[in-house]
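Student: Submitted below is the structure of interest, expressed as structure tokens.
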Amino acid sequence: MTSVEDLARTIRDAANSGLRVTQGTVVAVVDTTHVSVDLGDRVITAYRPGSVPAGAGASVRVLVGSGVAEVVSSTGGGWVSPSLGASWVYYGAGSGMAQPGYRLVGDVVQVRGAIKSGSTGSPIFTLPAGLRPAGGTETFVVSAGPGAARVEVSWTGTVQVLGYLGGGTNARLDLSGVRFSTS
């Protein structure tokens, strides 16, 4: 079945169970599995499966019932801020560089943000299932200080620096060139 057919079946089954599907906008990411969604008349906390990207600003469909709220689809678009691993940190406010994040646009995952201070081979962050490269592992060359860095996104979702090129350092690493297909 296609994702449209799956969504239609979910909505039909929900209506038969006394649940309803409503449209909302994500106002904040609560943690790795929950988001705050503005439904117009109230803001709720909803479960967000890892395969449904829904960062702040994303338009979402939410299945709502008695004590139940789950994001069932998203237009993507909204950036999700990952938890950075090990010694990696955001490059800094006032730098003009975006905070680290990822989003799904169509079937393409886009990564952005500037980070610093981590170690080669140490995971920067891990992408959730459904937002990983379809072809296994993807490698990118991105700006890193005065040079460049080779960044790998693996089929397990791990994003990490493989090494530096041409004088590249971990003083500032720009992830904005990382884009890949999930299909």
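Student: Pick out the one residue from 98, 93, 149 that is assigned to a strand (DSSP E or B) and among the hydrophobic types (A, V, I, L, M, F, W, C).
Tutor: 149
Student: Among all residue pairs at least 6 apart or on different chains, which show Cβ distances below 7 Å where the first residue, located in the stretch 155-183, is on the phi > 0 side of the Ramachandran plot and the second is polar (S, T, N, Q) and surrounded by 14 or more Cβ atoms within 10 Å (Cβ to Cβ)?
Tutor: From residues that are on the phi > 0 side of the Ramachandran plot, the pairs are 157/126.
Student: Something else now. Residue 63: within 30 Å of residue 120 (Cα to Cα) and surrounded by 13 or more Cβ atoms within 10 Å (Cβ to Cβ), yes or no?
Tutor: In short, no.
Student: Let me ask you something else. Please go through the stretch 68-107 and pick out each residue that is of a type in the set (D, E, K, R) and either in contact (Cβ under 8 Å) with a residue 60 or more places away in the chain or over 22 Å from residue 47 (Cα atoms) (or both).
Tutor: 107 - this is the single residue of the stretch 68-107 that is of a type in the set (D, E, K, R) and either in contact (Cβ under 8 Å) with a residue 60 or more places away in the chain or over 22 Å from residue 47 (Cα atoms) (or both).
Student: Taking residue 139, is it over 13 Å from the mean Cα position of the chain (by Cα) and closer than 23 Å to residue 31 by Cβ?
Tutor: Against the criterion (over 13 Å from the mean Cα position of the chain (by Cα) and closer than 23 Å to residue 31 by Cβ), residue 139 does not qualify.
Student: Of these, 43, 80, 37, which one is in contact with a Phe, Trp or Tyr (Cβ under 8 Å, 6 or more places away or on another chain), modelled with pLDDT of 80 or more and outside the structural domain of residue 130 (by TED's automatic domain parsing)? Explain how you work it out, then say what you get.
Tutor: Values: 43 fails: in contact with a Phe, Trp or Tyr (Cβ under 8 Å, 6 or more places away or on another chain); 37 fails: in contact with a Phe, Trp or Tyr (Cβ under 8 Å, 6 or more places away or on another chain).
Within the list 43, 80, 37, the selection yields 80.
The values are calculated or read from the model by the stated rules, or taken from the named source; none is laboratory data. If you're wondering where the values come from, they're calculated on a predicted model, not measured in any experiment. Every residue, glycine among them, receives a Cβ derived from its backbone with ideal geometry; neighbour counts consider all protein chains shown.
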